[in-house]
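What follows is one structure encoded as structure tokens, with my remarks underneath.
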Amino acid sequence: MELLIVEEGPIAQVARAYLEKLNESCLSLGCLTAHAANHWDSDGAAILRGSYEAMLQVLHLFQDPHRVEARARSCLNYTWVQRHRMRELFRSSGTDLGTAALMGPKFREIEPEIDKGLLQCGEGFLTREGVKHLARQGPKYLLSNNAAYRMNWFEGSWKSLATEAGYEREHGILYSDLSSAAHSSPMGVLVGAINRRKQIPYLASRCALRAAGRIGLHFKFKWSELEALAIERAGRVFFNLPDEVKGRP
């Protein structure tokens, strides 16, 4: 589902990017089912995991109406932490690629921006241990190769995001299953994902609809009756029977 978000600012920027990611995942699954009909389960499960994580972040972004802009800015600012991590990986890798990247004109151009971004907003992403080190070492700690930044722009875990959104029950089953496929564990390689074939694109489309529904609510979109019904049904917990069929023989 594509939405035309005409507004500008951090909220619109993040919403557009995540919605585009979710739409592209659905398109990728369509390509896999069309051109690799018998061999796409594992890759499809990995794509679905990315869609599920993107959806959880969108729901978290808009969970508290009073904190939407602050969370959008956190999402954008966290890219400086990730660029810093990549820079330090290049420096310590000892590879030709790492050396070439550090010597390249693009890196020399952006490195001062990375430092500036970290000094401006890095403190907000430190772990508790990182805060202690910052107090002892000062701002230079934010630029060090061992700065203790948290692993995501949001606080908490993927499970806590699912719980916050009311999807804790589905998260345990889905995330464990998809992680096996994404990490090529024995279960993922030898047995395969529980969620197979038709179910994977279906669940990915529901992730996209959930995100679109929350984004549309914030930007006051007007849905057609059919669109509103699709969004409402997408919001139901995965793996539960619809209320209208429960109790049928």
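Observations, loosely collected:
- Filtering A12, A45 for residues that are within 25 Å of S224 (Cβ to Cβ) and either within 13 Å of the chain's Cα centre (by Cα) or of a type in the set (G, A, S) (or both) leaves a single hit, A12.
For every residue, the table says whether it meets (1) part of a helix (DSSP H, G or I); (2) modelled with pLDDT of 95 or more.
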| site | (1), (2) |
| --- | --- |
| Y202 | yes, no |
| C207 | yes, yes |
| R210 | yes, yes |
| G213 | yes, yes |
| W223 | no, no |
| R236 | no, no |
| L241 | no, no |
| K246 | no, no |
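- The range 158-172 residues that are surrounded by fewer than 17 Cβ atoms within 10 Å (Cβ to Cβ), paired with ones that are polar (S, T, N, Q) and assigned to a loop (DSSP other than H, G, I, E, B) (beta carbon under 7 Å, 6 or more apart): E164/Q63
- Test: residue in the range 61-84 that is small (G, A, S) and not in a helix (DSSP H, G or I): no
Residues checked against (1) crowded, with 18+ Cβ neighbours inside 10 Å; (2) of a type in the set (K, R); (3) touching a residue at least 12 places away in the same chain (Cβ under 8 Å):
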site: P10; (1), (2), (3): no, no, yes
site: V14; (1), (2), (3): yes, no, yes
site: N23; (1), (2), (3): yes, no, yes
site: A37; (1), (2), (3): no, no, no
site: L48; (1), (2), (3): yes, no, yes
site: A54; (1), (2), (3): yes, no, yes
site: D64; (1), (2), (3): no, no, no
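- Helices (runs of 4 or more DSSP H) within the range 93-179 that include 2 or more residues at pLDDT 95 or above: 105-121, 128-137, 158-165
- Scanning the range 70-122 for residues that are charged (D, E, K, R) and either under 20 Å from the mean Cα position of the chain (by Cα) or on the phi > 0 side of the Ramachandran plot (or both) yields a count of 4.
- Selection of the range 10-55 for residues being among the basic types (K, R) and under 18 Å from H183 (Cβ atoms) yields only R49.
The values are calculated or read from the model by the stated rules, or taken from the named source; none is laboratory data. This one's a predicted model, so the numbers in the text were calculated from it and none came from an experiment. Using ideal geometry, Cβ is built from the backbone for each residue, glycine included, and neighbour counts are taken over all protein chains shown.
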